[in-house]
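As structure tokens, the structure follows; a few thoughts come after it.
What follows draws every value from the coordinates through simple rules; no lab data is involved. Model, not experiment: these values are computed from the prediction. Please note: Cβ atoms are built from the backbone with ideal geometry, for glycine as well, and neighbour counts cover all protein chains shown.
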Amino acid sequence: MGVGFHDDVDLIPDKRTVSSRIDSESKDSSRRAKMLQQRCMDSVAKMRETFKNSRPILQHRISQLEIGETLGRGGFGEVHSLRSISSEDGEHETFTSMALKQIRGSLYGAQRLQAQADLAKEAEFLRALSTHPNIITLHSTGIIGSPDFFLVMDKLEKTFEDMIYKEWKPLYEQRDVNNSEMKLSKREIKKENTRNLMISQIKLLIEVCSAYSFLHDNLVLFRDVKPENVGIDFDGVAKVFDFGLARELKEEEQVSKDEYKLTPQTGSRVYMAPEVFTSQPYGLPYDVYSFSIMFWETLTMETPYSNLTKAQHANFAMLNSRRPPIDPKWPKNIQQLLTSGWSRDPSKRPINFMTTDQLAFFPCLAPAFAVSA
Ligand SMILES: Nc1ncnc2c1ncn2[C@@H]1O[C@H](COP(=O)(O)OP(=O)(O)OP(=O)(O)O)[C@@H](O)[C@H]1O
């Protein structure tokens with residue numbers, strides 16, 4: 001089922017994003033730049049129309065908003081907490097659980113236009129897809145000044161990346177601490193804590209999978225699956241956000257099953273699948289590759305390929321098939337999922353992600369899921 005989005009426009013890369021942009025060195029760069037600019041303008045115009053027609057409660061001017069502290073900044077957007085919105089009768093409604101995303105003040109000219117198009121695209125995706133419990137909810141869209149828009153979304157407490165490095169990793173490093181009432185040996189304590197940690201990790205990964213599977217069911221390729229782009233809300237639920245690189249797959253761009261002609265080298269370097277890096281057609285298996293790298297990162301709490309330079313990564317991981325080391329102590333199912341998920345051959349990667357069933361029925365973890373169900 002398609003969801004009807006407009007054409008692709010590229011993103012301004014953040015420090016780890018190597019999304020292909022207007023290539024000033026290519027021969028037809030100025031023609032391409034003009035085309036891109038036109039596409040941006042078209043999507044911004046379209047978005048302005050959509051915003052005009054959006055639900056009235058969601059139409060706000062920036063002067064009516066009380067914007068709180070900055071929660072984060074990306075390549076083109078900045079996100080603030082939202083204290084309140086004044087209603088027409090001057091009363092203030094409090095929206096402590098919401099966040100406002102707008103375009104960074106430092107962007108001008110073509111970059112700003114591009115950012116507007118990206119934000120417009122993000123709003124369209126969220127409008128269509130944020131019914132899923134693990135996709136961030138879009139509450140509102142609005143206009144800031146005359147040309148720019150903003151989005152009001154659920155506020156996130158932290159990202160999956162924070163979870164890995166600021167919560168799980170310190171816990172793992174203290175895994176010999178006894179938190180259990182039972183009298184256990186040091187070895188047993190370590191084993192139980194490691195297992196409990198893995199259960200927490202897999203539970204959140206299942207939620208993440210569920211969101212990406214939903215996108216794939218709607219023929220939406222996310223193209224930037226990584227822990228930075230998954231949030232955790234204040235109830236501890238995983239929420240996929242940042243649809244800046246997402247793309248609806250269209251029949252006219254399909255070259256074969258699961259392969260589409262799309263912008264090469266789009267995404268973030270260490271999570272990028274070889275076919276995307278080497279400018280081949282690609283499709284949904286791209287996200288499965290990225291998810292597998294994220295899966296490994298979650299379990300090891302280590303940055304993938306951190307021991308390789310960019311050139312080594314290109315050579316060993318992208319052109320050859322070197323992958324992060326799999327711990328032989330991990331359950332066999334996990335080992336198999338990783339090996340197939342990051343396979344060089346996209347057709348060997350599991351379709352539709354690792355479904356909840358596949359993840360939940362690891363023999364070692366099943367009892368934990370049964371208890372919490
Ligand atoms: N709903 C939210 N609640 C709290 N913080 C958020 C929320 N959305 C985003 N952030 C924070 O703001 C940062 C920037 O947001 P986001 O990644 O959406 O911006 P972007 O410009 O689209 O990023 P990128 O350059 O990665 O595409 C995030 O990394 C996160 O730390």
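Observations on the model:
- Note on V237 and R195: the model spin-label points, each 7 Å out from Cα along the C-beta direction, lie 3.0 nm apart.
- You can think of it this way: the chain between L71 and K257 has 62.9 nm of extra reach, that is 0.36 nm per residue less the Cα-Cα gap.
- Neighbour-limited loop hits for trypsin sites (Lys or Arg not before Pro), the stretch 269-323 (at most 16 other Cβ within 10 Å; DSSP other than H, G, I, E, B): R322
- Centre separation in Å (Cα based) which lies between the stretch 109-128 and the stretch 286-306: 28
- Extension gain from T303 to I326, taking 0.36 nm per residue of separation minus the Cα-Cα distance: 6.9 nm
- Over 19 Å (Cα to Cα) - which of K203/K348; K226/K261; K121/K257; K186/K332; K190/K329; K183/K203 fall in this group: K203/K348; K226/K261; K121/K257; K186/K332; K183/K203
- Look at the dipole of the stretch 95-249 built from charges on Cβ: of G109, V220, V177, the Cα furthest out on the positive end belongs to V177.
- Kirkwood estimate for the stretch 158-369, i.e. one over the average of 1/r between Cα atoms, Å: 18.0
- Extension gain, R127 back to K166 (0.36 nm per residue minus Cα-Cα distance, nm): 10.9 nm
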